[in-house]
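Bear in mind that the values in this text are calculations on the coordinates, not laboratory data. Keep in mind that this is a model prediction, so the values were computed, not measured. Note that each Cβ is placed from the backbone with ideal geometry, even for glycine, and that neighbours are counted across all protein chains shown.
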Amino acid sequence: MIPEQRRRAYLDAMQVATWLPRTELPFAAPSRPELLAPLQVEDEVSVEPLSAPVAPVREAPVERPKIEVPRPGAQPRQAVVEPVAEPEAVEEKPARVSAPPPRFALQLLRAGDCALLVELPTGQPFQSRDPAYILLKDLLRAAGLPDSPQLLGEPVRWPLLVRGNLDQGPQAALEFVQSFVAARLEEQPSTCLWLVGLPAIRFAGESDEHSYNRELQIEGLGTCWALPGLELLMEEPARKRELWQAMRRVRQRWLAPAQS
């Protein structure tokens, strides 16, 4: 139910001067007694005399347009057309197109003094019989590290949300991955961080495929080593030779503290 003041405003807008509710309304002002009295029916209906007859209205004559006939030998008049100003050109600004969110899945592991940020080829955690996981164990043994890495948190899957207006573009993904890894490394420092796979290199190391088998210095993450993805190494075995050669140089970084 609406208050009395708003109810009267609605009635005024509808041009209703008098009204009676069927039931008692809450918050309504009491009805006036004169409105509740029964209507008096008059026995005789007074009829007012008609006014004098109205004279018929004469219709005004319709004026016909005058047609000007040119005189013989006169030059016809030419219509003057004023030039229309062209509208000013409006510079159209290109619409901002938000970058589509990248899609990847990363798993953070720890083996000895090294942390590993590894791309999950299938998007699911590693299983003991996965060919990619078997290859990762081979790489760890060749590097002189334990071949049973420990999990550091849940996998990072991007985009985080399926729906919503949250920015999930490449820059947001980079900031999230770096913050996640930096927080884990602060709890358990490492001598070197492996970046295995292009998504790990791109969104943690801020680099691309040209950094394969190279060392990177990343603020907040320290020394990183960029490796091709496990799936790429299985599809292109020729890349393993370059990887072994680079490992001979890099492995001294995490083996030196153990030997001393």
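Some values worked out for this structure:
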read-out: Positions within region 129-150 being in a loop (DSSP other than H, G, I, E, B) and either without any contact (Cβ under 8 Å) to a residue 24 or more places away in the chain or of a type outside the set (A, V, I, L, M, F, W, C) (or both), in sequence order; value: 129, 130, 144, 146, 147, 148, 149
read-out: Any hit, region 108-125, residues being more than 37 Å from the chain's Cα centre (by Cα), under 24 Å from residue 219 (Cβ atoms) and acidic (Asp, Glu); value: yes
read-out: Positions within region 151-189 being assigned to a loop (DSSP other than H, G, I, E, B), of a type in the set (Gly, Ala, Ser) and free of Cβ contacts under 8 Å to residues at least 12 places away in the same chain, in sequence order; value: 164
read-out: Selected residue [out of contact with any helix residue (DSSP H, G or I) (no Cβ under 8 Å at 6 or more places or on another chain) and over 24 Å from residue 125 (Cβ atoms)] from 199, 189, 170; value: 189
read-out: Near pairs, Cβ below 6 angstrom, 6+ apart or cross-chain, from region 222-247 (over 13 Å from residue 136 (Cα atoms)) to any residue that is in a helix (DSSP H, G or I) and among the small types (Gly, Ala, Ser); value: 226/211
read-out: Failed item, numbered, when residue 213 is tested on (1) touching an Asp or Glu at 6+ places or on another chain (Cβ under 7 Å); (2) closer than 15 Å to residue 138 by Cα; value: (2)
read-out: Among (1) over 29 Å from the mean Cα position of the chain (by Cα); (2) in contact (Cβ under 8 Å) with a residue 40 or more places away in the chain; (3) farther than 13 Å from residue 116 by Cβ - the single one residue 192 does not satisfy; value: (3)
read-out: Residues of region 116-125 classified as of a type outside the set (S, T, N, Q) and farther than 17 Å from residue 194 by Cα, total; value: 2
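Quick grid of which residues meet (1) surrounded by fewer than 16 Cβ atoms within 10 Å (Cβ to Cβ); (2) over 17 Å from residue 114 (Cβ atoms):
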{"site": "167", "(1), (2)": "yes, yes"}
{"site": "178", "(1), (2)": "no, yes"}
{"site": "199", "(1), (2)": "no, yes"}
{"site": "207", "(1), (2)": "no, yes"}
{"site": "213", "(1), (2)": "no, no"}
{"site": "218", "(1), (2)": "no, no"}
{"site": "226", "(1), (2)": "no, no"}
{"site": "245", "(1), (2)": "yes, yes"}
